[in-house]
Amino acid sequence: MKLLRTPDERFENLPDFPFTPHYIKVDGIRIHYLDEGPSNATEVILLLHGEPAWCFLYRHMIPPLVEAGYRCVAPDLVGFGRSDKPSQKSDFTYRKQIDWTSNWMISLDLKDVTLFCHDWGSLIGLRMAIENQERFKRLILSNGGLPMGENFRNDSDEANKQFSRWLDFNRNAPPEYPYEKVFHAGTFKKIPDEVIAAYKAPFPDDSYESAFRSMVFLIPIKSEDPEAEENKNAMEEYKKWTKPFLTLFSDNDPLTKGGDKLWHKIPGAQGQNHATIKNARHFAQEDYGPELSAHIIKFINDNP
C-alpha cells in the first residue's frame, strides 16, 4: 500500500484551530488526532468526523467541552486530515476503516468514552461501539446511522432520491473537487473562504483524495454489499443497548432528516432529551458547534 502524507505547511495558520497535533501508528499507517483537556479526566469524549471533512470540523465544539473539564479526542480517519492517505481507492473498505479506527482507540486505551459521531463517523463509530462495548459509556448520534443494504434509508423515499443525487455528484466530480459546493450546501451560514481553504488543506491535489472519493460508494445500499449484513446484526444488538443514547439531528439535512426516530426505539434512548437542531443542515458543527457542546454536557450530567 502506497501512503501519501500531506506536507505540514498545508496546516499552518488555520482559522480557529490552535490545537497541538498528535500521532500514533496503526498497521503502519500514521493516524493524526487531537487530544485536548486533562489527560486524567474521568470522562473522555470521542468526536468522529465524516467525509470530506476532518477533525477541523470540531474546532468550535472542543473548547466548551474542555472548559467543562472533559478530555476531547478527535482523530482524522485514515485518508483524511493529517492522517496518512492510502493512494488507491481500492485500499479502502468499510471494514478497514472500522479496524483502523478501533485499533487507534485501543492503542490509546480509551475507556469510559462518550462517542459523538457524524456522517461516516457514525457508520464507523456505531460499529466500534457494538464491537467494543466495554469501552463506551454513552453514545450521541448526529446526522448519521447504519445503512443496512435496503436503499440508503429504508424509511424514506426522499432520502434515497437525495442519496442517489449525492452518488451522481461524486461519480461526476472533476479532478478539482468542488469543496465549496459541498460545504456551502451543508451549512446555513456563509462559510468564509479561509474555512473552505482549511477543509481543502489535507488534499493538495486529487491524488490525495482516494478516501472520500471511494467511501461514498462503500455505503451498503444492497443486501449483498459488504458490511450490510454486519450492520443488520449491529442493529439487532442496539435493540438491547441500555447505555445512554442521544440523537442530535439537523432539521434540514436531506439525507438524514427524520432518521433519528429509528434510534429512539432502543432501550438506552428512552427518556433522553433528544434534540432537533433548528435551521441546520448536514454540517451542524459549523453553524452550531457551541450549542452541540451544550447538549453533550447536559447529556453527560443527566446520565452520570
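For segment 67-83, give me each residue that is touching a residue at least 60 places away in the same chain (Cβ under 8 Å) and surrounded by fewer than 22 Cβ atoms within 10 Å (Cβ to Cβ).
Scanning segment 67-83 gives a single hit, Ala68.
When Arg281 is evaluated against the numbered criteria (1) under 16 Å from the mean Cα position of the chain (by Cα); (2) among the charged types (D, E, K, R); (3) closer than 19 Å to Asn154 by Cβ, which criterion, by number, is the only one it fails?
Condition (3) is where Arg281 drops out.
Mind counting the residues in segment 117-129 that are of a type in the set (Gly, Ala, Ser) and not in a helix (DSSP H, G or I)?
Qualifying residue count for the region: 0.
Name every residue in segment 20-29 that is over 30 Å from His184 (Cα atoms) and surrounded by fewer than 18 Cβ atoms within 10 Å (Cβ to Cβ), in order of residue number.
Listed by number, the residues that qualify are Tyr23, Ile24, Lys25, Asp27, Gly28.
If you go through segment 131-145, how many residues are in contact (Cβ under 8 Å) with a residue 60 or more places away in the chain and assigned to a loop (DSSP other than H, G, I, E, B)?
Matching residues across segment 131-145 total 3.
State all residues of segment 262-286 that are closer than 30 Å to Pro192 by Cβ, charged (D, E, K, R) and out of contact with any His (no Cβ under 9 Å at 6 or more places or on another chain); if no residue qualifies, say none.
Once the filter is applied, which keeps residues that are closer than 30 Å to Pro192 by Cβ, charged (D, E, K, R) and out of contact with any His (no Cβ under 9 Å at 6 or more places or on another chain), segment 262-286 yields Lys278, Arg281.
Looking for whichever is buried (at least 19 other Cβ atoms within 10 Å of the Cβ), in contact with a Gly (Cβ under 7 Å, 6 or more places away or on another chain) and among the aliphatic types (A, V, I, L, M) here; the options are Ala211, Ala284. Which one fits?
Selected residue: Ala211, the only one of Ala211, Ala284 that is buried (at least 19 other Cβ atoms within 10 Å of the Cβ), in contact with a Gly (Cβ under 7 Å, 6 or more places away or on another chain) and among the aliphatic types (A, V, I, L, M).
Residue by residue through segment 30-66, note down the ones that are hydrophobic (A, V, I, L, M, F, W, C) and surrounded by fewer than 20 Cβ atoms within 10 Å (Cβ to Cβ).
Correct list: Ala41, Val66.
Is there a residue being touching a strand residue (DSSP E or B) at 6+ places or on another chain (Cβ under 9 Å) and in a helix (DSSP H, G or I) anywhere in segment 270-285?
Yes - at least one qualifying residue is present in segment 270-285.
How do the pairs read when you match residues in segment 183-206 that are more than 19 Å from Asn170 (Cα to Cα) and touching a residue at least 40 places away in the same chain (Cβ under 8 Å) with residues anywhere that are acidic (Asp, Glu) and surrounded by 13 or more Cβ atoms within 10 Å (Cβ to Cβ), using Cβ under 8 Å and keeping only pairs 6 or more apart or on different chains?
Once the first residue is more than 19 Å from Asn170 (Cα to Cα) and touching a residue at least 40 places away in the same chain (Cβ under 8 Å) and sits in segment 183-206, its partners that are acidic (Asp, Glu) and surrounded by 13 or more Cβ atoms within 10 Å (Cβ to Cβ) give Phe188/Asp287; Lys189/Glu286; Lys189/Asp287; Ile191/Glu286; Val195/Glu286.
List the number of the failed condition for Asp205; all other conditions in (1) surrounded by 17 or more Cβ atoms within 10 Å (Cβ to Cβ); (2) more than 21 Å from the chain's Cα centre (by Cα) hold.
(1)
Tally up the residues in segment 15-39 that are more than 19 Å from the chain's Cα centre (by Cα) and closer than 28 Å to Pro192 by Cβ, please.
5
Suppose we keep only residues that are touching a residue at least 12 places away in the same chain (Cβ under 8 Å) and of a type in the set (Phe, Trp, Tyr) within segment 274-299. Which one would you say is nearest to Asp119 (Cα to Cα)?
Result: Phe283.
Could you please find all residues in segment 242-260 being in contact (Cβ under 8 Å) with a residue 60 or more places away in the chain and either surrounded by fewer than 18 Cβ atoms within 10 Å (Cβ to Cβ) or assigned to a loop (DSSP other than H, G, I, E, B) (or both)?
Lys243, Pro244, Asn252, Asp253, Pro254, Leu255, Thr256, Lys257, Gly258, Gly259
Readers should treat all values here as calculations from the given coordinates under stated rules, not as data from a laboratory. In this text, all values refer to a predicted model and were calculated from it rather than measured experimentally. Cβ atoms come from the backbone with ideal geometry, glycine included; neighbour counts cover every protein chain shown.
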